[in-house]
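The values are calculated or read from the model by the stated rules, or taken from the named source; none is laboratory data. Note that this is a predicted model, so its numbers are computed, not measured. Here the Cβ positions follow ideal geometry from the backbone for every residue, glycine too, while neighbour counts run over all protein chains shown.
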Amino acid sequence: MHCWKTINIKKEYGSTWIAIMVTSLFILVFSFSYLVFNRLHPTLYRDDNFWQFVVVLLLLYPLHKLIHYYSLFDYRVFVKFRMRIDYKFIPIIRMRIKTIISKKRYIFTLLAPFIIINTILIIFAISIPQYTHFSCILLGYHCSICFVDLLYVKNLIVAPKDAVIEETPKGCEILVRTL
């Protein structure tokens, strides 16, 4: 096998660009979803469960990582966790797969939290319209969390069909079989 391409999102795009795009994505998703849901169900909004919103906001990132982990359930013995602090106060949970994984499975793992959590938030916003503003904030926040995953998916889609993925300290290597 040889390396077809190495993907390192932080090196390729830069931390500043990623931070700007994450913030812009949050604002766009929140604004658009709030306008859409407000048109669907115009109602008076309630703030009496604000503490529950804060708890969900704090648990959304660990839940996102947990869904990544459970989508890799067959590979759980090969998954290593590491925690670090970015920007002196933001805890980041790093997951690294210490084995080769198929391209399709890796894309599924990257997309699973995006599909599952966003679907739940959209259903919640539609079914309980008086808390739509909280759902829209959470939806924007979660889409921001998913941004880097979506960048990886964008790079992986163009890879050869039978490629496999290996995570290394340099980044995500796309390996293809040599003839």
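Here are the numbers for this structure:
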{"item": "Filter result (farther than 13 Å from TYR131 by Cα and surrounded by 12 or more Cβ atoms within 10 Å (Cβ to Cβ)) within the stretch 34-55", "result": "VAL36, LEU40"}
{"item": "The listed residue being surrounded by fewer than 18 Cβ atoms within 10 Å (Cβ to Cβ), among the basic types (Lys, Arg), under 20 Å from the mean Cα position of the chain (by Cα) and under 23 Å from TRP4 (Cα atoms), out of ARG177, ARG94, ARG105", "result": "ARG105"}
{"item": "Qualifying positions in the stretch 40-68 - aromatic (Phe, Trp, Tyr) and at pLDDT below 90", "result": "TYR45"}
{"item": "Residue satisfying all of: in the stretch 64-91; aliphatic (A, V, I, L, M) and surrounded by fewer than 15 Cβ atoms within 10 Å (Cβ to Cβ); nearest to the chain's Cα centre (by Cα) among these", "result": "LEU66"}
{"item": "Residue, nearest to LEU66 (Cα to Cα), within the stretch 123-151, restricted to residues that are surrounded by fewer than 19 Cβ atoms within 10 Å (Cβ to Cβ) and without any contact (Cβ under 8 Å) to a residue 60 or more places away in the chain", "result": "LEU150"}
{"item": "Matching residues, the stretch 93-108, being at pLDDT 80 or above and hydrophobic (A, V, I, L, M, F, W, C)", "result": "MET95, ILE97, ILE100, ILE101, ILE107, PHE108"}
